[in-house]
Amino acid sequence: MKRITILLSCILVSLGMAAQSQMRLWHGGESTRINLSDAQNMVFGSGGTTVSIAGTTYQTSAIDSLTMIHQVTVTFNGNSVTTSIPAAVAKDITAEADGAYLTITNNNVSNEVEFVLSGESSNGGFTYNGSYKATICLNGLTLTSQRGGAIDIQCGKRIALVLNDGTTNTLADYASGTQKACLYSKGHVEVEGTGTLNVTGNLTHAIKTKEYLQLKKSTGAINIVKAAGDAIHVGQYYLQNGGSISITSTTQADGIQAEYLTLEDDITPDPNEENNGQVIIKGGTINIEMTHEDCKAIKADDLVTITGGTFDIKASGNGSRGIQTDGSMVIGESGGTDASPTITISASGGLCTNEADVDDPHRCMGIKVDGDLTVYAGTTTVTNTGSKSRGIKVAGTYTKTGGVVNATIKN
């Protein structure tokens, strides 16, 4: 009963915050958004062991906490941008606009704030400064910068990037700027929401995060329209649980690259950083076409682990690779099935002709593993055409305990 009383107290306090419209109910490590109007009609079960809110019943013992969603709205409209900041957090947030270029500075370090971006501008950008985790929702946003990146997140903490359900969001950056990417985050980004995100990187990378990038199961579609550098470049690790990734042949460097997150002023990888340099794919779909020379569709500085998902990779550039890792690679889970993951790679390029590789030109390959390759499950098909291409090359030990591998393998 004490827990129920605390729960009720939290909700009553929430309802008193007229500037807010939603709260987040945490249960079992997951969270659910609840409109405050729905919270007013809660129904407790016998003995208070359950509570029903907006048609969903929760075990009260499983409810961890309730937190308010402080929502800031940002609306782009041609050459201008407007913001609406709730009174509860207004003292900690400043918004400075120069035409349609908006810089938000958030000094709140106790309450997570959600920023909802919508509207359209062909000459605008969004910069976020803060030292506390935040949520950025893309709610039908079309933004092209003529100065730098379209979205620049200067916050080293966790950023939840939400592609609002049913929306299409389009970002493009300036081809002559100094930005690190069209969409950049100084920290780590967790993507969710079933909307669509289209990104054009005219200067270098399309998407870059200094730390890890995670795609949750609920993620919709991320389409890299163009990348003058890597399509997706991450430090620490890349983790995909779901969603759809499409990377077109206009990408001029790697498709998905995960590099070691290093200590400042030190080139040595930090051993304390979780999954450092790894690519981990548990679900979703990945479609990548690499036509430029010496490019990798998926590249990792360390371990590549693929336990789910569907892959369609075409490597037709000279010296290009479908998947390459400087470490080892694991496909499937022990005791898994042949159905998952499904990896299909076509390698059809010739020898790399880059000037730096003239003395030792390398081949186009479907998969190149500098460490060990272990296959537990799934179906892996690598087709290589032409005398200069290769299917799978493993520098270490190749071990197969299950699954199906249709490829020529060279140790």
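Counting DSSP beta bridges with both partners in the chain, what percentage is antiparallel, nearest 5?
If I count the DSSP bridges inside the chain, around 20 percent turn out antiparallel.
For Asp165 and Ala339, calculate 0.36 nm times their separation in residues minus their Cα-Cα distance, and state this gained length in nm to one decimal.
Net length gain for the segment: 59.7 nm.
Between the range 89-107 and the range 350-411, what's the alpha-carbon centroid distance in Å?
Measuring centre to centre over Cα atoms gives 50 Å.
Let me spell out the model: positive unit charges on the Cβ of Lys and Arg, negative unit charges on the Cβ of Asp and Glu, origin at the Cα centre of the chain. What dipole size does that give, in debye rounded to 20?
Here the chain has a charge dipole of around 900 debye.
Residue separation times 0.36 nm, minus the C-alpha to C-alpha distance between Ser110 and Ala88: what's the value?
That pair, Ser110 and Ala88, stretches by 6.7 nm at full extension.
Per-residue HN-Hα couplings for the range 56-70, Karplus 6.51 cos²θ - 1.76 cosθ + 1.60 at θ = phi - 60°, whole Hz, x for Gly and Pro?
Residue by residue, the range 56-70 yields 10, 9, 10, 6, 4, 5, 8, 7, 7, 5, 10, 10, 7, 9, 8 Hz.
Using a 7 Å offset from the Cα along the Cα-to-Cβ direction at both Asn35 and Ala175, what is the distance between the two label points in nm, to one decimal?
In this crude spin-label approximation the distance works out to 4.6 nm.
Show which aspartates and glutamates lie in cross-link reach of Lys410 when reach means a straight Cα distance below 18 angstrom and same-chain residues fewer than eight apart are skipped.
Cross-link targets: Asp326, Asp370, Asp372.
Here are labelled values, [x] 42, 27, 17; [y] 109, 27, 14; [z] 37, 27, 20, and one is the computed semi-axes √(5λ) of the Cα gyration tensor in Å for what I pasted. Which one?
Among [x] 42, 27, 17; [y] 109, 27, 14; [z] 37, 27, 20, the one derived from this structure is [x].
Given axes a ≥ b ≥ c from the Cα gyration tensor, I'd like to know whether the range 342-400 is rounded (a/c under 1.5), prolate (a/b larger than b/c) or oblate.
oblate
Mind checking the full-extension length gain between Lys400 and Ser218? Use 0.36 nm per residue of separation minus the Cα-Cα distance, one decimal, nm.
Roughly 62.3 nm would be gained on extension.
Using helices alone, what [θ] at 222 nm do you get for the chain, with -39,500 (n - 2.57) per DSSP H run of 4 or more residues, divided over all residues and rounded to the nearest 500?
Values: 2 runs with 18 residues, N = 411.
Helix-only estimate at 222 nm: -1000 deg cm²/dmol.
How would you rank 130-143, 94-107, highest first, on the average number of other Cβ atoms within 10 Å across their residues?
Numbers: 130-143: 21.3, 94-107: 17.1.
Sorting 130-143, 94-107 by mean packing, highest first, produces 130-143, 94-107.
Assuming R0 = 30 Å, what is the FRET efficiency of Asn354 and Thr383, from their Cβ-Cβ distance, to the nearest 0.05?
Plugging the Cβ-Cβ distance into 1/(1 + (r/R0)^6) gives 0.75.
With θ set to phi - 60° and the Karplus curve 6.51 cos²θ - 1.76 cosθ + 1.60, what are the ³J(HN,Hα) couplings of the range 307-323 in order, to the nearest whole Hz, using x for Gly and Pro?
With coefficients 6.51, -1.76 and 1.60, one gets 10, x, x, 10, 10, 9, 10, 10, 10, 10, x, 4, x, 7, 10, x, 9 Hz.
Between Ser65 and Arg24, what is the label-to-label distance in nm when each label sits 7 Å out along the Cα-to-Cβ direction?
With each label placed 7 Å out from Cα toward Cβ, I get 1.0 nm.
Read-outs: derived from the displayed coordinates by stated rules, not from any lab. Owing to the predicted nature of the structure, the values given are computational and were not obtained by experimental measurement. With ideal geometry, Cβ positions are generated from the backbone for all residues, glycine too; neighbour counts draw on all protein chains shown.
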